[in-house]
Amino acid sequence: MRLVGDITELVTREGELYLATCIDLATREVVGWAMADHHRAELPVDALWMAAGRGGLEHGCIMHTDRGSEGGFNRLSQHLRDRDVATTG
């Protein structure tokens with residue numbers, strides 16, 4: 001299984017929201033997501049946990065991110081290593 005992750009900023013009338021996603025490259029299905037009014041490290045980690053809870057992580061899984069400027073994906077990489085998921089990017 002190969003996943004990609006990213007954070008998108010959404011501008012609303014009430015301020016900014018941030019959406020973190022984990023997408024299965026084979027099916028293009030969003031297997032995990034999280035939304036918040038911040039882009040701290042726990043946002044992509046929450047998306048990862050949703051993917052894991054839905055069976056979106058398996059042994060040998062590879063996850064690609066651009067590692068972003070926020071630093072959240074550095075913490076995400078630690079969680080991925082704990083689950084034996086390889087990272088790229």
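The values are calculated or read from the model by the stated rules, or taken from the named source; none is laboratory data. From a predicted model like this one, the values you see are computed outputs, not experimental measurements. Cβ coordinates were reconstructed from backbone atoms using ideal geometry, including for glycine residues, and neighbour counts include every protein chain displayed.
Annotation note: Cβ proximity below 9 Å between a residue of region 4-30 that is over 15 Å from D66 (Cα atoms) and a residue that is of a type in the set (S, T, N, Q) and buried (at least 16 other Cβ atoms within 10 Å of the Cβ) (sequence gap 6+ or interchain) occurs for V30/T21. Scanning region 1-18 for residues that are within 24 Å of C61 (Cα to Cα), assigned to a strand (DSSP E or B) and in contact with an Asp or Glu (Cβ under 8 Å, 6 or more places away or on another chain) yields R2, L3, D6, I7. For region 21-34, check the following and say yes or no: at least one residue is out of contact with any Cys (no Cβ under 7 Å at 6 or more places or on another chain), at pLDDT below 85, part of a loop (DSSP other than H, G, I, E, B) and not basic (K, R). No, every residue in region 21-34 fails to be out of contact with any Cys (no Cβ under 7 Å at 6 or more places or on another chain), at pLDDT below 85, part of a loop (DSSP other than H, G, I, E, B) and not basic (K, R).
Each residue in region 35-76 was checked for being assigned to a helix (DSSP H, G or I), at pLDDT below 60 and surrounded by fewer than 21 Cβ atoms within 10 Å (Cβ to Cβ), and 2 pass.
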